[in-house]
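Quick note: the coordinates plus some simple rules give every number you see, no bench work behind them. Bear in mind the structure is a predicted one, so any value in this text is a computation, not a measurement. Backbone-built Cβ (ideal geometry, glycine too); neighbour counts: all protein chains shown.
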Ligand SMILES: *Cc1c(COP(=O)(O)O)cnc(C)c1O
């Protein structure tokens with residue numbers, strides 16, 4: 001069945017998946033959503049025997065229906081190869097009686113690699129299909145991990161430029177070094193004097209700026225996005241939920257058809273939304289537990305039905321979740337409102353004007369698949385400490401937020417029989433000093449010494465991604481005011 005893509009905010013004509021991937025975001029400011037979420041319930045048995053790549057081809061093929069199977073196979077094979085340091089791509093680890101879906105085995109050791117190693121190939125293929133002879137400019141706002149994963153994924157790909165904006169004082173030292181030392185002839189990196197929300201709304205504004213669109217047009221450029229607002233990033237994230245579920249069956253942790261709960265450390269709501277899509281597709285998932293850090297806007301939203309960004313912004317040890325405006329929630333609201341574009345548009349307008357919106361009783365009722373929990377910095381640190389002491393397994397701070405949320409949820413819902421799959425989104429090597437500081441014995445402030453210590457404590461080899469930056473020099477020095485992002489883009493592109 002053909003699946004097309006339409007905006008969450010306006011009832012305009014639906015477009016093909018290749019077009020949606022190229023455009024990234026709809027011109028009316030809405031996000032592209034599939035006209036149908038295909039159901040694979042009947043295929044689960046067969047799919048459970050697939051390896052990661054076969055599963056990826058299958059899942060992408062039911063959403064990206066204007067791509068041929070052959071095209072998708074090529075994209076998948078180029079993405080999930082030995083860039084990943086684990087042949088399973090997304091292994092499930094049993095630690096004590098908890099299950100972790102490790103999504104950090106890619107080149108930048110965070111889960112953004114799962115989608116950003118394939119997005120460039122999807123985009124290139126889409127451009128060919130549409131016979132698009134323009135140069136694409138990928139504008140990216142990052143809370144720390146998307147930036148490097150995009151730089152890596154799009155590195156030296158002809159016909160594509162990448163511009164990354166990150167909060168200068170809102171990412172970890174390793175994250176910053178990963179971006180600032182990245183060499184490539186088509187990439188530009190800037191720190192801004194604001195937080196991730198400033199970066200993201202700045203990028204969204206540039207996207208919908210008519211004047212700049214016209215200026216781009218003249219130079220034969222066009223914008224696209226590597227953020228999870230791009231449907232080409234979201235759909236590949238569905239794959240690992242299926243894969244993780246099937247691994248749990250294979251290891252006899254669960255029976256076929258048994259429901260599980262997912263615990264997802266959440267920022268922009270992309271990862272957990274992919275889990276929700278997996279549920280809608282027929283994967284036996286009971287609850288989706290949305291784990292927040294001290295920026296607990298989603299926790300409050302899920303408990304009250306009011307989304308409210310008028311609050312203090314905290315910089316935490318899980319910087320990739322330091323977000324107040326979770327973009328992908330808009331896609332969920334679209335589904336839960338019964339695909340009511342008017343309603344979504346009015347909520348998003350309220351958000352823009354007042355920094356808050358309320359959902360209808362009907363949407364609130366439909367939110368019952370989700371539960372929210374949050375972890376303070378103290379909770380996060382004690383989760384790292386506790387899990388290490390009990391199992392010699394080191395959690396990164398984002399995964400620790402999820403672990404803490406899992407414990408809280410479980411305590412409140414002891415009658416639920418489901419097993420939990422905790423999504424592990426980054427390697428502890430990406431946040432070495434914070435991880436060490438969380439352990440009740442000894443702390444170590446120096447990042448490089450901390451890396452060695454992590455290796456010693458976890459008895460694992462230092463990943464290439466980290467070794468690499470220790471030797472590289474900084475090549476991107478750009479810093480800009482959050483209000484000057486448009487100017488910087490113009491200067492960079494000479495438009
Ligand atoms: C991006 C990120 C998250 C949050 O994922 P969203 O899709 O934005 O909700 C969590 N953990 C890490 C390590 C990340 O990089």
- Message: Consider the stretch 120-152. How many of its residues are away from the ligand (no atom under 14 Å from the Cβ) and either out of contact with any helix residue (DSSP H, G or I) (no Cβ under 9 Å at 6 or more places or on another chain) or touching a residue at least 60 places away in the same chain (Cβ under 8 Å) (or both)?
- Response: 16
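Test residue 245 against the criterion of being touching a residue at least 60 places away in the same chain (Cβ under 8 Å), more than 14 Å from the ligand (Cβ to nearest atom) and either under 25 Å from residue 113 (Cβ atoms) or not in a helix (DSSP H, G or I) (or both), and give yes or no.
Details: touching a residue at least 60 places away in the same chain (Cβ under 8 Å): yes; more than 14 Å from the ligand (Cβ to nearest atom): yes; either under 25 Å from residue 113 (Cβ atoms) or not in a helix (DSSP H, G or I) (or both): yes.
So residue 245 fits the description; yes.
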- Residue check, residue 215 against (1) touching a helix residue (DSSP H, G or I) at 6+ places or on another chain (Cβ under 8 Å); (2) over 22 Å from residue 153 (Cβ atoms); (3) within 16 Å of the ligand (Cβ to nearest atom), all met but one. Which one? (3)
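Considering only residues that are away from the ligand (no atom under 16 Å from the Cβ) and not in a helix (DSSP H, G or I), which ones fall in the stretch 250-278? Quick ask: steps written out before the conclusion?
Of the residues in the stretch 250-278, the ones away from the ligand (no atom under 16 Å from the Cβ) are 250-261.
Selection gives 251, 252, 253, 254, 255, 256, 257, 258, 259, 260, 261.
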- Query: Could we say that residue 399 is in contact with a strand residue (DSSP E or B) (Cβ under 9 Å, 6 or more places away or on another chain) and buried (at least 17 other Cβ atoms within 10 Å of the Cβ) here?
  - Reply: yes
- Residue list for the stretch 220-242, restricted to those being part of a loop (DSSP other than H, G, I, E, B) and more than 19 Å from residue 117 (Cα to Cα): 220
- Return yes or no: is residue 421 under 21 Å from residue 379 (Cα atoms) and either away from the ligand (no atom under 16 Å from the Cβ) or part of a loop (DSSP other than H, G, I, E, B) (or both)? no
- Query: Out of (1) surrounded by fewer than 21 Cβ atoms within 10 Å (Cβ to Cβ); (2) under 17 Å from residue 268 (Cα atoms), the odd one out for residue 203 is which?
  - Reply: (1)
- Item | Subset of the stretch 265-319 [without any contact (Cβ under 8 Å) to a residue 60 or more places away in the chain and out of contact with any strand residue (DSSP E or B) (no Cβ under 8 Å at 6 or more places or on another chain)] | 270, 273, 274, 295, 304, 311, 312, 314
- Task: For the stretch 306-328, state whether one or more residues are surrounded by 23 or more Cβ atoms within 10 Å (Cβ to Cβ), more than 10 Å from the ligand (Cβ to nearest atom), at negative phi and assigned to a helix (DSSP H, G or I).
- Result: no
